[in-house]
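Working notes, structure below.
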Amino acid sequence: MTQAHATLLPPAPDEQLFATIAGDLLTTGYSINPCALPPGLAVELLQQLRKVPDDQFSPAGIGRQQDKTLDRRIRKDEICWITGESAAGRHWLDWTGDLRVFLNRHLMLGLFSFESHFAHYAPGAFYRRHLDAFKGQSNRLVSVVAYLNPDWLAGDGGELVIYPQAGSADGIRVAPAVGTLAVFLSEDFEHEVLPARRDRYSIAGWFRVNSSSARRVDPPL
Ligand code: OGA
Ligand code: MN
C-alpha cells in the first residue's frame, strides 16, 4: 500500500478510543467512555463471567499482599482474578495490552504490567470512597474499570463516582452499563461504588510501573 493510501484510511476504532483516553489522561487525568469495549469482547467477557462458578469469587481485600485485610465496612464486592486461562480473559488482556502500549508510546508512562479481576457486587454491596494507590507506596499508576451489565437502568444505582477534587463532595457519576470504560490516574482520584439494587459486574484493573529494587521484585512474578 502506498503512503497516500495509508493516510486516507480511517484509524482503527480502538486507536480513536485509545487516543481519546490518552488525551483525557493528559488534560483532566480521567476518561469516561460509554460503548468503548469492542462489542464482541464485551459479549465474550459476559459469557465467561456467567461460566465462572460462585466459589471462584472471594471477598475482596484492602491493601497489598501481606497487608491485605478484609473490612466489609469498606468494600463488599467479591472478586476473581483474570489470569488469561480462558479465551475471553486472554482477549481482554490482549486488548488492555494494546492500550498499555499506546499509552506508553504517546504519554511515556512506562507502564510495565497489568493486573485485573472480575468483581461482583451483590445487591446492596458497595465500595466506600478510596484511592487505588498512594504516592510512593504502590506501583499502580492507571486504573481501568470496564462494565458488563446489559440493560442497566438509572434507578438501578451502582454508579461509580469519581471525585476530581480530594475532599470535595462533587463527583462524576458513571453508570455501570455494558461496554463503558473508565480510566483514571490511580494516585489522583478518590472514587466509590454506590450500592446497587441488582447484581453488578465489572472488571477492575491497574497498569503498573516497575518499581523493583535489588531486594524486592515488584510487581511479584
Ligand atoms: C476498585 C474499584 C470500581 C467499580 O475495584 O478499586 O474502585 O466501579 N472499582 O467497580
Ligand atoms: Mn478503586
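Just a few scattered comments:
- Near pairs, Cβ below 7 angstrom, 6+ apart or cross-chain, from the range 132-156 (under 21 Å from Leu103 (Cβ atoms)) to any residue that is open to solvent by 40 Å² or more (accessible area, probe 1.4 Å) and among the small types (Gly, Ala, Ser): Asn139/Ser211
Conditions (1) within 20 Å of Leu160 (Cα to Cα); (2) surrounded by fewer than 16 Cβ atoms within 10 Å (Cβ to Cβ), marked per residue:
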| site | (1), (2) |
| --- | --- |
| Thr27 | no, yes |
| Pro34 | yes, yes |
| Gly40 | no, yes |
| Ser58 | no, yes |
| Gly61 | yes, yes |
| Arg72 | yes, yes |
| Arg75 | yes, no |
| Glu78 | yes, no |
| Thr83 | no, yes |
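- Within the range 96-121, if we keep just the residues that are assigned to a helix (DSSP H, G or I) and either free of Cβ contacts under 8 Å to residues at least 12 places away in the same chain or small (Gly, Ala, Ser) (or both), the residue that is farthest from Leu45 (Cα to Cα) turns out to be Arg105.
Condition check ((1) open to solvent by less than 30 Å² (accessible area, probe 1.4 Å); (2) more than 15 Å from ligand 2 (Cβ to nearest atom)) across all residues:
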| position | (1), (2) |
| --- | --- |
| His91 | no, yes |
| Phe102 | yes, yes |
| Leu111 | yes, yes |
| Tyr121 | yes, no |
| Ala133 | yes, no |
| Asp151 | no, yes |
| Val174 | yes, no |
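- Scanning the range 157-167 for residues that are away from ligand 1 (no atom under 11 Å from the Cβ), touching a residue at least 60 places away in the same chain (Cβ under 8 Å) and not in a loop (DSSP other than H, G, I, E, B) turns up nothing.
- Scanning the range 186-201 for residues that are more than 10 Å from ligand 2 (Cβ to nearest atom) and either open to solvent by less than 20 Å² (accessible area, probe 1.4 Å) or assigned to a strand (DSSP E or B) (or both) yields Ala196, Arg200, Tyr201.
- Single unsatisfied condition, Leu141 versus (1) within 14 Å of ligand 2 (Cβ to nearest atom); (2) assigned to a loop (DSSP other than H, G, I, E, B): (2)
The values are calculated or read from the model by the stated rules, or taken from the named source; none is laboratory data. These numbers were taken from a predicted model, which means no experiment stands behind them. Because the Cβ atoms are built from the backbone with ideal geometry, glycine has one as well, and the counts that use them run over all protein chains shown. We work out accessible area using only protein heavy atoms, side chains counted, and drop any ligands, DNA or RNA first. Shrake-Rupley method; radii C 1.70, N 1.55, O 1.52, S 1.80 Å.
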